[in-house]
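Down below is the structure, laid out as structure tokens.
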Amino acid sequence: MSARTVDHVWFWTRDMERAIAFYGGVVGLALVRRDGDDWAEFDAGPVRLGLHGAGERPGLPGGGTVVLRVDDLDATRLLLEERGVVFDAHVGEVEGRARFCSFADPDGNALQLIEYVDGAG
């Protein structure tokens, strides 16, 4: 048996309320499940985004990068900047394929926005 698809991505968070406000209110994902301060889950299309309460767990943040596909990179970036998101210097383009920019959530987890050229995604 082998893995065939990504089921979900999750991050540790020290502050569940702050993380839910960020992913729901700022990024705009729909909260579909919450178990107190232990777990929250968002609808992010075919993949769910989970938040796991860290409690006193040392060593945060860490993990991978969640890439969010958008139709209009410039408009989405502007909207998120108006909501307080600060984008870092990792901005780029894969010529003929996509443009992207990077930012972090309140716990320092890496995120990117990506806009594919028509048909490239």
Find how much the distance from VAL26 to ASP72 grows on full extension, using 0.36 nm per residue of separation minus their present alpha carbon separation; answer in nm with one decimal. 14.9 nm
Can you figure out the FRET efficiency of ASP118 with TRP39, using R₀ = 25 Å and their beta-carbon distance, to the nearest 0.05? 0.10
With axes computed from alpha carbons, what is the tilt in degrees of helix 73-82 against the longest principal axis of the chain, rounded to the nearest 10 within 0 to 90? 40 degrees
How far apart, in nm, are two points set 7 Å out from the Cα along the Cα-to-Cβ line at VAL47 and at GLU82? 2.8 nm
Of all DSSP beta bridges having both residues in the chain, the percent classed as antiparallel (nearest 5) is 70 percent
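Tell me, what is the percent relative contact order of the chain, built from C-alpha pairs under 8 Å that lie six or more residues apart? Kindly include the intermediate steps, with their values, before the conclusion.
Numbers: 203 pairs, mean separation 28.8, N = 121.
Relative contact order for the chain comes out at 24 percent.
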Take the chain, drop everything but the C-alpha atoms, weight them equally and run the Debye formula without solvent; then report log10 I(q)/I(0) at 0.10, 0.12 Å⁻¹ to two decimals. -0.32, -0.47
Efficiency of FRET from Cβ geometry, VAL9 and ALA89, R₀ 25 Å, rounded to 0.05: 0.60
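Taken together, the values in this text are just the output of simple stated rules run on the coordinates, not laboratory data. Bear in mind the structure is a predicted one, so any value in this text is a computation, not a measurement. Here the Cβ is made from the backbone with ideal geometry for all residues, glycine too, and neighbour counts use every protein chain on show.
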